[in-house]
Structures are given as C-alpha cells and as structure tokens.
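Below is one structure, written out as structure tokens; the observations come after it.
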C-alpha cells in the first residue's frame, strides 16, 4: 500500500481545516475501485464489462453546518478539484479530465488480467453446462462480478486508515419454456470460496425448487394472512431483521423519523441482535469504516430490549452515548451515513425440524429478493423468491415470486421461535438507502413470526429497496 | 476541446488494438447540492464526476463480440481502449447489438432545449436562498397540521456529454438538471415528493404546498379500504393524485416495453415516452448510440396504437459507467378530458404507492368524509390503471411537473365519480 494517498489526504485536510477555523472537524477520503463483470447468456459467452474509477472527497463540519465535496480522478488532482469546489461558490465549467499522476492507477494493469478473465469465463461455462445437464430445457443467464475496492481515510487526528475489499458475486437467472422464471444471487470473498460455498448441486436444487414454485398454480396454495405463522430460514431471516435495523440508524433516530423513537415496548424477548462488521468472510465486513473509525461491534437488542443504535461521527458528536464505527458510503461521491455491516442474531433453543413439524399451516421463506421498509411507520414489503407451504409438517405447495406486506414492529414483537441453526446468508445482500447501496451480511438462525399478509403472487417487475 | 480529442484518441486506439468498430463516450458533470435537514442541520457541497467509456466490437454480425471499459481515473486512453478490446475478446461469440454505421445526425436547429443559463450562473448562495424559500413555503403546510421535521434537498447539475464513433460521428451536448426532494413524516410514515426539470426556475415552491397539505399529519392509525364494487361498498369519488398517477403510468410503460407493443385502452388518454420534450428532465439531444431519439406512444385508444411499429425503448446512457441500455425518458400522460372537482365531502384521495406487484397496488391516501375527521387509509387497487381510465376519468389540476420515479413522469390528478369503496377489517 503506497503512503502517497495518506500524505496527500493529510496535507489537504490540514490545509482546509486550518482555513475553516477553530472547532472544525472532518475527514478526507479516497477510493479506487475496479469491477469486472462477465456475462454468459444462452450457451454463449456474453460481453465483459470492466468499470473502474478513483476519486476523493472532503467533508468538513462545524456545529450544524456540513460541507461535502467530491471529485473523480487520481487522488492528487481530485483533492485539488475538491479544494477548488470548497473555495468557489459559483459554478465553474466542469474541468476536463486530468491525466497527470497522483497515485499509480491499478486499472492500467487490468488488461493484463487475462488469466483471471479466462478463469471466470471457464467457471461460468462449466456452471452453465452443469446446470443445463441437471435441468434441461431451461435458458440460463449468468453474471459474475468481481469487485476490488481500496479506500484511504484521514480524519483531523491525522491517522491514515487504509482498507481493501474484494468480492465475487454471482447472479443466476433461469427461464423455462412457458415463462417460469428463477433467480439467485450469491457471493464470496473469492472465486474459490464461491465454488465451495455455493456448489453446483445446491444451486441446481434451489433453481429447480423456484421453477417448480413458479409452475404451480397460485390458486392451489393457501393464502398468507396476518395470523399465518411464517418461518424465515437461517440467513434469509437477516433481511427482515435488517429492515428493523433501518430504524436504529442514528441519523434517523436523531431526526425523529424512526418508529423506534416512540416505541418503548421493544421486541420479542427471544431476540438478541448485534451488528458485527469485524466478523471476517461476510459481505459486510470491514476493519475501518468510511470515516476512518475502527469497525464497531454494536449490540442493538438485548433480549427484546433496544439498547443501541448504528452510529457515525456526526451522530456521536451530537450524543456521547452513540459510538461511531458504522459510517459507510457507497462511493467517494456520497457522504457517509450510519449503515449496518453484518447483522447477527443470537441462536435460540428451538430445533428447526421441530418448528417445521408443528401442527397447522406454516409458510417457510427460504430466500428473498428484496425488502423495503418505511422507518417511521415500520411498513414493510418483502419480495419472496423461494419458499414452501407446510401443513402439519408435510409439504403441500412450493412458493415462488410472492410479495408479503406487514409492519416490522408487529413482526418483531410476534417472533415466537428462534432456532439453533445459525447460518450466513448467500453473500450478495446490499443495503440501499436513498438510492445508494453498500454491501451487508447476515448471520442469523431461522425465526418464526406472524403478521405478514400476501399482496400478490406470480411474476413481478423488480422493485426498489434493499436487494439480494 | 479535450473530451472530443480524448474520445477520438480512444476510438483510434481501440481500432489499433484490433476492434472493428468502437465508440467512446465522455461524460462530465458538476452537481451542487443543499440539504436542509431535520434538527437544523444544513449540508451543502458539490461533486465533480468525469469519466470516459469505450465500447469495442470484434468480428461482425452473429460472430460479433463486444467489450466495455469505463474509468474515472484518467488512465491513458490507449490503455482503456486495450481494456475494452480485452473485454471483447473475453466475450467472443456474443451477439451484442452492433452500432449502426450510418447514423442520422441531429440537426442543430431542432435540438430540444436542455441547457439553462440561469442554473449555470446561480451561485451557491442563490441555491441556499431557494432552499430557504422552500422551507418557508412548507411552513404553510405545517400550519395545516404537518410537523416541522421536514428535509429539503436541492440539486443542480451541469452535464457535458461527448460521443465519438469509428464511423466518424462526433456529438457533443450540454444540459442542466435541477431537482428538489422533500421528505416529511405523515400518518403513513416518512413520505417523499421529488420532481425535476432542466430549468431551475421550474422548481418553484408554491405548488408543493398544495401537495404537502393533502397528506395527513402523523397521528392516529390507518384504516384499510379496497377500491371497487363489492359487498358492503359505499359509493364516493376517487381521486388519484398526480404523483400516484405518475407512478402508475411507469407500471404501464414497463408492461408495454416488456411486451414490445403499446397498451390499448378505451380512454382517449395517451401515454407517450418523449425524449425530445424541451426542458423535461429526461430529454436527450442524442441517444446512447448517437442517434436521434423519437417519441413513442406507449398506451392509448385503439386508433392511436393500432398499426404502430413495435416498441423499442431509447438506448440511454445516464452515466459513463455502463453501456447504453433501453430506458424510459419522459413519460407524459395527456388527453384526459377535464372535469369538475371531486366531491370533497365524500371522497378517497390516493396520494402515493406503498407497494405494488403486477396489477395490484397498495396506495396510501386520505378518506374525506362529511362531518367527520379525514381518515388516513391504506387502499388496495386490484386493477391496472387502464381500468380506471376506461371509467371516464377526468383530469383535475395538471401539475406540469415531472416526478422522479422509474422514469421522469408527468400526469394530471385523475378524478373518478361514483366508485365503490369497501372498508376492510
């Protein structure tokens, strides 16, 4: 890791803080990212898209006034552009691209990555062949995205925190004659682990289940009402918990926009929930957040009582009981906001097989495409991609492409089973807030709750929100 | 001009690296923003985005393969071009869309206006004053019951784009985009209104007050109601507010695009995708492939949609980071006949979409009942928009603003007389 970005960031931040006056605080941030996406569609190699970039940002604040500027380019020119923006209140014509050096660009080396590209292409080819053999008559579309992100942050104390993050993300789309569709997304820190964690037979089985669910007539299925018990599988339960945790983001709490502000009753006593970005190997892991604070393991709910929230530097300044460590940004072009990293739920005592075998109807949700919640009302929408209906423990119908609506507060209060089968999610979840996504992970056991009702079943267009 | 020179060098470098055809797209934008948030926190600043993207094709026709490389970091254009060609080699065998070699060039005199000198000249102080005017205007809505915790975000962007292709096309455009987003807590939760224009002067705060005042203040619970005749239904007027209609026409447009054919409905209303509307936020002087975009009818009466060519959405590059993709630009619903106001003594006003799936929509709104307090409701509509238009919907006030959603969309309020409303348990 070169020290040049650190020196540039430190020097620039000291200069602008010196001009801003006493009491001013802030941070300088630089990022470099490269994404290579390989596609395979209909037994042919698809296009390869490579997308890279670098940029820098400065954020300064004094009291309740915050200034944020960002610019694309290598660290040196980008920081100079940031300073120019801070100094100027009028709009200059956008500057032309700068080709002078500041930091060695990694993208120039990308063209030499033929070996990695060939590996990705042959992996996708092998995957498609294997899937086609197991599920004939299905058209496959595969995308493998490899992301390499490096960040550098310096705050007013002068310390440099550099981080590097790599992730491989696989998306599989299947379409069978007759229109039945299935989708799956997963990821891992590298391709070897991707193959190990999501082996072909498991993938094929999940796609087959989804296709079978899409084929089945919705009229033969029971209807999910507010009193129907719903069992979220280990890992998938994280999506629901994540929607709850949106209301525990410090800026929403401080603005009075969170449902949990006015709610002193807490949630089910079976729930003990914390956010742990320090846990390695999950999608939302990091050592330092995007404000340069060490990753913070934050307890949020202890036995049903809300005891903490996700904080960043601005929130921590306003309230000393809030700890920073969750300030995250999707890119240098956005200021950081308090966001979740890896959400973990303590395992319970119930055995998942026993819960599945209980008398009556049970909707089992194995995978979700997305979730969206209103932080103030707690109204929640979940897009289920895979699941099943059980009656007295016996399978009665598959579920695919179903939208469930409910209220997250009600849902969390009505959790009556937390199982012992804690597992990580598929490794591709993204938290979208105000249109900008950051990677997140879940480590959760299965949990059962009530209070969801079905909005509609069948094929639906993609919706906005936190996505898998 | 440097972007043109860079793009030309990029195309030449791609040819030299072995590409048969190539195009280079440069986009540079300066976006300033002011955010007057809750708790008196005021955030302002700006960002500069600047990047170059190259698409390179190898082979021809069915054997053609293409690759794409984009970068912000000012790496030498030759290296970027090599990367695009490398990506194309990785994608050999793909039947990606080839660029047309003969491209009709937009005529300078016919380009829609998208560049606002006032926005370019506006100082940061001017943007701040504009945000304060919005804040003052929302105080009027507050007096009608809305709480003070409102956040107002204003953004103003200047965008320059350049497209150069191996067939000799060189296209340059300069445009501006201003948008305002207001967030406020209501009985439904945290709500948001957002609209945009190429002109800063189009973002006037006064019309916002009427929209804000329609929302119920955060107190009490929410009732459930289903729209449509059925057992236990009562008859009243139904008003679909402009932001909700703008969201619903987005659904119609996506359906038409997926089917590749315009939706036919019995109403005289016409839904257009118009990338050439002057000052509209989605307007494009040239599309992502360098061709003149064209208006398309996405839905309308049989006389308007029969015999029309299959739909082909405009290939759009909203950023340099991705290759052009078919997208909606400016959705415009017009031709709805005007009519008198709804019976406010007994009327369901639906304001925004809470959730949707297929043709089922959950919408939030207010049930106005004679002699009783307005009741916040969550209403279920089980039929698509055309069903409501077919029932001789009348246009209420026309906002003339483009709301931001799936696409930029403008639509009037729709008023339907004598609709069945069923309270739900």
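Which ranges mark the strands (runs of 3 or more DSSP E) fully within region B:150-232 that have 1 or more residues being facing chain A (nearest Cβ under 10 Å), under 24 Å from residue B:283 (Cα atoms) and touching a residue at least 12 places away in the same chain (Cβ under 8 Å)?
Correct list: B:151-165, B:170-186.
Would region A:149-169 turn up any residue that is touching a residue at least 12 places away in the same chain (Cβ under 8 Å) and farther than 30 Å from residue A:58 by Cβ?
Going through region A:149-169, the residues touching a residue at least 12 places away in the same chain (Cβ under 8 Å) turn out to be A:149-156, A:158-169.
Filter once more, so that each one left must be farther than 30 Å from residue A:58 by Cβ: A:168-169.
The answer is yes, given that some residue of region A:149-169 is touching a residue at least 12 places away in the same chain (Cβ under 8 Å) and farther than 30 Å from residue A:58 by Cβ.
Quick one: would you say residue B:371 is within 15 Å of the chain's Cα centre (by Cα), without any contact (Cβ under 8 Å) to a residue 60 or more places away in the chain and more than 30 Å from residue A:401 (Cβ to Cβ)?
Answer is no for this residue.
Which numbered condition trips up residue B:79, out of (1) modelled with pLDDT under 90; (2) assigned to a helix (DSSP H, G or I); (3) within 32 Å of the chain's Cα centre (by Cα); (4) within 21 Å of residue A:34 (Cβ to Cβ)?
For residue B:79, the exception is condition (3).
Residue A:54 versus (1) within 28 Å of residue A:154 (Cβ to Cβ); (2) at pLDDT 60 or above; (3) surrounded by fewer than 19 Cβ atoms within 10 Å (Cβ to Cβ): which is the lone unmet condition?
Among (1) within 28 Å of residue A:154 (Cβ to Cβ); (2) at pLDDT 60 or above; (3) surrounded by fewer than 19 Cβ atoms within 10 Å (Cβ to Cβ), the lone unmet condition for residue A:54 is (3).
Need the failing condition index for residue B:331 against (1) under 18 Å from the mean Cα position of the chain (by Cα); (2) within 14 Å of chain A (Cβ to nearest Cβ), just the number.
Of (1) under 18 Å from the mean Cα position of the chain (by Cα); (2) within 14 Å of chain A (Cβ to nearest Cβ), only one is false for residue B:331: (2).
Among the residues of region B:120-138, is there at least one that is modelled with pLDDT under 85 and closer than 28 Å to residue B:347 by Cβ?
Yes, region B:120-138 contains at least one residue that is modelled with pLDDT under 85 and closer than 28 Å to residue B:347 by Cβ.
Taking residue A:364, is it in a strand (DSSP E or B), modelled with pLDDT of 95 or more and within 16 Å of residue A:234 (Cα to Cα)?
So residue A:364 fits the description; yes.
Kindly provide the set of residues from region A:57-81 that are at the interface with chain B (Cβ under 8 Å from one of its Cβ atoms), assigned to a strand (DSSP E or B) and surrounded by fewer than 24 Cβ atoms within 10 Å (Cβ to Cβ), ordered by number.
A:65, A:66, A:67
Would you call residue B:224 under 13 Å from residue B:352 (Cα atoms), touching a strand residue (DSSP E or B) at 6+ places or on another chain (Cβ under 9 Å), modelled with pLDDT under 90 and surrounded by fewer than 21 Cβ atoms within 10 Å (Cβ to Cβ)?
Here the answer is no, as residue B:224 does not meet what is asked.
Considering each of A:186, A:266 in turn, give the residue that is touching a strand residue (DSSP E or B) at 6+ places or on another chain (Cβ under 9 Å) and farther than 18 Å from residue A:378 by Cα. Before you say what the answer is, go through the steps one by one.
Numbers: A:266 fails: farther than 18 Å from residue A:378 by Cα.
Answer to the selection: A:186.
Can you name the condition, by its number, that residue A:381 falls short on among (1) in contact with a helix residue (DSSP H, G or I) (Cβ under 6 Å, 6 or more places away or on another chain); (2) within 14 Å of chain B (Cβ to nearest Cβ)?
(1)
Out of all the residues in region A:112-126, is one or more farther than 21 Å from residue B:88 by Cα, at pLDDT below 95 and either within 14 Å of another protein chain (Cβ to nearest Cβ) or touching a strand residue (DSSP E or B) at 6+ places or on another chain (Cβ under 8 Å) (or both)?
No, region A:112-126 contains no residue that is farther than 21 Å from residue B:88 by Cα, at pLDDT below 95 and either within 14 Å of another protein chain (Cβ to nearest Cβ) or touching a strand residue (DSSP E or B) at 6+ places or on another chain (Cβ under 8 Å) (or both).
Find the residue count for region B:99-119, including only residues that are modelled with pLDDT under 75 and loosely packed, with under 15 Cβ neighbours inside 10 Å.
Summing the residues that are modelled with pLDDT under 75 and loosely packed, with under 15 Cβ neighbours inside 10 Å in region B:99-119 gives 9.
Collect the residues in region A:14-46 that are within 30 Å of residue A:132 (Cβ to Cβ) and either buried (at least 22 other Cβ atoms within 10 Å of the Cβ) or modelled with pLDDT of 85 or more (or both), keeping them in residue-number order.
Answer for region A:14-46, where residues must be within 30 Å of residue A:132 (Cβ to Cβ) and either buried (at least 22 other Cβ atoms within 10 Å of the Cβ) or modelled with pLDDT of 85 or more (or both): A:35, A:36, A:37, A:38, A:39, A:40, A:46.
Restricting attention to region A:47-56, which residues are facing chain B (nearest Cβ under 8 Å) and farther than 30 Å from residue A:131 by Cα?
If the condition is that a residue be facing chain B (nearest Cβ under 8 Å) and farther than 30 Å from residue A:131 by Cα, then A:52, A:53, A:54, A:55 are the ones that fit.
The values are calculated or read from the model by the stated rules, or taken from the named source; none is laboratory data. What you are looking at is a predicted structure, and each value in this text was computed from that prediction instead of being measured. Every residue, glycine among them, receives a Cβ derived from its backbone with ideal geometry; neighbour counts consider all protein chains shown.
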